[in-house]
Structures are given as structure tokens and as C-alpha cells.
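Enquirer: Below you will find the structure I want to go over with you.
Derivation of every value follows stated rules applied to the coordinates shown; laboratory data play no part. These numbers were taken from a predicted model, which means no experiment stands behind them. Every residue, glycine among them, receives a Cβ derived from its backbone with ideal geometry; neighbour counts consider all protein chains shown.
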Amino acid sequence: MTTTDLGLDQVLENLRGSIPGVHHVLVLSRDGLKMCHTRDLDADRADQLAAVAAGIQSLSLSASVEFGDATGAGQAMLEFGGGLLLIVGAGEGAHLAVVAGLESDVGVIARHMNGCVGQIGHLLTAEPRRRAQETEPAR
């Protein structure tokens with residue numbers, strides 16, 4: 001799933017270009033489908049990043065409910081060999097993910113991500129997918 005909204009594409013490109021060390025920016029649905037991403041991320045890698053980010057965000061939200069509060073709101077950050085993955089909620093059922101180098105300033109990235117969500121969050125509502133039997137007409 002991709003967007004044809006050039007405004008959203010431009011906002012993601014601006015986010016990537018305005019923060020030193022940011023490599024990729026992706027918007028994904030809660031269930032791990034890519035919705036929109038920066039140009040430098042090809043479709044296969046965007047699919048892979050969306051799946052990884054959805055899994056991490058799911059674990060983060062589960063931990064929040066179990067050990068924090070029931071709202072499940074929050075951000076997730078993963079440090080891996082050579083980089084960082086940051087994920088924030090971005091509208092109902094959507095998330096914004098950023099891959100950056102270790103040299104990046106996490107606070108600056110998080111501030112820009114939250115600003116980006118404020119700009120485009122209303123565009124990023126992703127309805128949950130329905131099961132095939134729920135969408136097929138009754139016979």
C-alpha cells in the first residue's frame with residue numbers, strides 16, 4: 001500500500017533530509033503494512049522495515065499495558081549494530097518509523113517525529129483489516 005498524497009511524501013522526505021544521520025522514514029499500519037516511505041527505501045526493504053517496526057511496536061505496547069498503564073501510548077526505540085530504529089504512533093492504527101545512524105541525536109529525532117505526526121497524523125488513520133468472511137456478502 002502506498003500513498004498518492006505528494007504532501008505526505010514530501011513531509012517524510014523533509015524529515016529525512018532535515019536531521020543528520022536519518023537514513024529512512026516509513027509510515028506503517030498497526031498490522032505491519034507499509035503506507036508511505038522515503039524514496040531511498042525500495043519496496044522490498046520498506047515491507048521488511050514495516051514488519052519489523054510493527055513487531056517491535058506491538059511488543060512495546062504490550063509491555064506498556066502489562067507494566068505501565070493501560071493506554072498503551074508511547075514510543076519504541078531499538079539500538080542495533082550500526083543504527084537506531086525509533087517508532088511512534090501516528091494516527092489511529094498507524095505508526096511512524098525512522099532508521100538512523102548511531103551518531104544521531106535521539107532527542108532531536110523524537111522531537112521532529114512528533115512534529116511530523118502533528119502535521120500529518122490526521123492523514124494516517126489506518127482501519128483494521130477485516131477477515132475475508134466479514135467482507136464477503138452472505139449467501
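Enquirer: When you look at ALA76, is it among the small types (Gly, Ala, Ser), surrounded by 15 or more Cβ atoms within 10 Å (Cβ to Cβ), touching a strand residue (DSSP E or B) at 6+ places or on another chain (Cβ under 7 Å) and part of a helix (DSSP H, G or I), yes or no?
Expert: Answer is no for this residue.
Enquirer: Against the conditions (1) surrounded by fewer than 20 Cβ atoms within 10 Å (Cβ to Cβ); (2) under 14 Å from ALA90 (Cα atoms); (3) touching a residue at least 24 places away in the same chain (Cβ under 8 Å), where does GLY32 fall short? Just the number, please.
Expert: For GLY32, the failing item is (3).
Enquirer: While we're here: How many residues, within the range 81-105, are free of Cβ contacts under 8 Å to residues at least 60 places away in the same chain, in contact with a His (Cβ under 8 Å, 6 or more places away or on another chain) and more than 15 Å from GLY55 (Cα to Cα)?
Expert: Of the residues in the range 81-105, 1 are free of Cβ contacts under 8 Å to residues at least 60 places away in the same chain, in contact with a His (Cβ under 8 Å, 6 or more places away or on another chain) and more than 15 Å from GLY55 (Cα to Cα).
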